[in-house]
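Report on one structure; see the data block that follows.
Values quoted throughout were computed directly from the atomic coordinates according to the rules given, and no laboratory measurement underlies them. A quick note: this is a predicted structure, and the numbers were derived from the prediction, not measured. Cβ atoms come from the backbone with ideal geometry, glycine included; neighbour counts cover every protein chain shown.
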Amino acid sequence: MGRIRRWAPRVVGIVVTVACLVGAGRLLWPQPGLDEQPGSTARQLAFVRASLDEGSDTAAQQLFPEGYVFSNVLYGLAWVQAAHTDSGLRDDALREARWALARVESDEGRAVFSPGLQPAYGVFWAGWTNWLRGAILSLDPSDTAAVQRFSTHSAVIAQAFSASGTPFLQAYRGQAWPVDSTVAIASLRLHDKLFGAQYAGVIDRWLEQAEARLDPETGLLPHQVSPTDGSMLTGARATSQTAILRFLPEIDPAFARGQYARYRDRFVAYPGGFGPAVREFPKGVDGSGDVDSGPLVAGISLSATVVALGAARMNGDSALAAAIGSEGELIGLPVDLPWSKRYAFGLLPIGDAFVVWSSTARPLTTAPAMAEHDIRWWWRLPWLIALGLITLAAWAWTLARLRGGRAERHAIGLTATPR
């Protein structure tokens, strides 16, 4: 037991030192550029697929109402995005994305949505499903049956917007969020990109109506609105804003540039010197977390920060995308194996779906954005200092025990009776 007590502090010190060195290496390791994707993408997708096979989508549904759809649709979209960057993944991407689409279109995928809404099952389900349909066709437009389904659903969505007095359609009966309509409108733009301009008038009308209903405080699209006239109920929040800005460049790059600049100014923060990260509420506004944002840490939404990686990539913000990616490799607790990669020890697979969807983000309807956005050049320094202090603390405990042991032996020597 005495030997264990002597060596345990040293073992702890060595383990903590190695962990901190690995963390520092992950933080400093270069991140992929905007036209690249992480080398671990295929392994991340392998983990998400294995989790889906084990029912992670059904488990996610118990956490929030869109859990099942998000788990599957993001998996399919991440495959399509990855294949657009690496053409060698095309066949696998088509197989997996079609598999994901079938699950989203299933009875289970539609179960919580109302078939009586316009479009049927609400604009959340209709928009995300249609975007995935079009994304698959962007890889392979030769499937005539799939083209017909995409065209039919696009026409239904366009008709719903044309018949509405508000640009923000209902996702659930009596509830509307602008982010959901943004995805649906992006699917119409993707239809026009693939098969010729047909919905330009609907899209232009939507943009005009949406710009007339911006949050007056931030100049951004609001978080939640009245389902009757689209007037704001809740101002801009990062949970929806990061997803909105993931799709706005697909719809109107010029409008997206202005919106992204405002978002960058009001939501990107460095709490306690750490960051960059994304606040759930604009600077100067405090609030509590909910099922969408998750628990807030110093006002920061971890889920919004993950999605912000994709928004940054879509808006040409290479500096922020690289920083968030590096921070994820440090504090996301990745487990990187030869056959899979997961974050947070794989405890929340839907989080991994959001990560791989964000880290492979790329435009499908327009050229990649080019922008100049800066972050603090010394942003890594607080993280490295923290790692250094953790290492010192581990060894301080060890050294204190060693000094205590030496002092005890010295005292025993002084009081010992000479032979």
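Shown here is the pair-distance distribution of the stretch 52-192: with all Cα-Cα distances grouped in 10 Å bins from zero up to the longest one, the shares run 12, 43, 35, 10, 0 percent. Between ALA197 and ALA120, the modelled labels are 3.2 nm apart [label points 7 Å from Cα along Cα→Cβ].
Cβ crowding within 10 Å ranks ARG103, ARG264 as ARG103, ARG264, fewest other Cβ atoms first.
For the chain, the longest principal axis of the Cα atoms and the long axis of helix 318-331 meet at an angle of about 50 degrees.
Scalar couplings 3J(HN,Hα) for the stretch 344-349, obtained by applying the Karplus form with A = 6.51, B = -1.76, C = 1.60 to θ = phi - 60°, are 6, 6, x, 6, 9, x Hz; x denotes Gly and Pro. Over the stretch 127-206, the reciprocal of the mean inverse Cα-Cα separation, the Kirkwood hydrodynamic radius, stands at 12.7 Å.
Taking one equal scatterer on every alpha-carbon of the stretch 31-377, how large is log10 of I(q)/I(0) by Debye at q = 0.08, 0.09, 0.12 1/Å? Log10 I(q)/I(0), no solvent term: -0.33, -0.43, -0.80. Under 5 Å from the amide H of LEU296 lie the amide H atoms of GLY289, each residue being 5 or more positions distant or on a separate chain, with H modelled from the backbone and absent for Pro and chain starts.
Pull out a ≥ b ≥ c, the square roots of the eigenvalues of the alpha-carbon gyration tensor of the stretch 223-313, then state rounded if a/c is under 1.5, prolate if not and a/b is larger than b/c, and oblate in the remaining case. All intermediate terms of the calculation are to be shown ahead of the outcome.
On the way: a/c = 1.83, a/b = 1.19, b/c = 1.54.
In terms of gyration-tensor shape, oblate.
Karplus-based coupling profile of the stretch 221-233, in residue order and whole Hz: 5, x, 7, 9, 9, 5, x, 8, 10, x, 6, 5, 9, with θ = phi - 60° in 6.51 cos²θ - 1.76 cosθ + 1.60 and x standing for Gly or Pro.
Quick one: what are the phi-derived ³J(HN,Hα) couplings along the stretch 120-134, Karplus 6.51/-1.76/1.60 with θ = phi - 60°, whole Hz, x for glycine and proline? Going residue by residue, I get 4, 6, x, 6, 4, 5, 5, x, 5, 5, 5, 4, 5, 4, x Hz, with x marking Gly and Pro.
At a 10 Å Cβ-Cβ cut-off, how would you order HIS373, HIS223, fewest neighbours first? List each step's numbers first, then the result.
Numbers: HIS373 16, HIS223 23.
In order of increasing Cβ crowding within 10 Å: HIS373, HIS223.
Label the stretch 184-263 by shape, choosing from rounded, prolate and oblate, from the square roots a ≥ b ≥ c of the eigenvalues of the Cα gyration tensor; if a/c is under 1.5 it is rounded, and otherwise prolate applies when a/b is larger than b/c, oblate when it is not.
In terms of gyration-tensor shape, prolate.
Helix 302-314 axis versus longest C-alpha principal axis of the chain: approximately 60°, rounded to the nearest ten. Segment LEU337..VAL22, full-extension length gain: 111.9 nm, with 0.36 nm per residue of separation and the alpha-carbon distance subtracted. Using a simple spin-label model with pseudo-atoms 7 Å out from Cα toward Cβ, GLU217 and GLU36 lie 4.0 nm apart. Annotation: amide H of GLN224 within the under-5 Å range of LEU233, THR234, sequence separation 5 or more or interchain, hydrogens built in the peptide plane. Among MET232, MET370, MET314, the order by Cβ neighbours within 10 angstrom, fewest to most, reads MET370, MET232, MET314.
Strictly greater than 14 Å: what percent of every Cα pair in the stretch 236-287 meets that? Percentage above 14 Å: 52. To test your reading of the geometry: what angle, between 0 and 90 degrees and rounded to tens, separates the Cα axis of helix 90-104 from the longest principal axis of the chain? Once rounded, the angle reads 80 degrees. Relative to the current alpha-carbon distance between GLU108 and ASP265, full extension at 0.36 nm per residue lengthens the span by 52.5 nm.
Would the stretch 67-132 count as rounded, prolate or oblate if I go by the C-alpha gyration tensor, calling it rounded below 1.5 in a/c and otherwise prolate when a/b exceeds b/c, oblate otherwise?
Numbers: a/c = 3.12, a/b = 2.39, b/c = 1.31.
Taking the square roots of the gyration eigenvalues as a ≥ b ≥ c, the stretch 67-132 is prolate.
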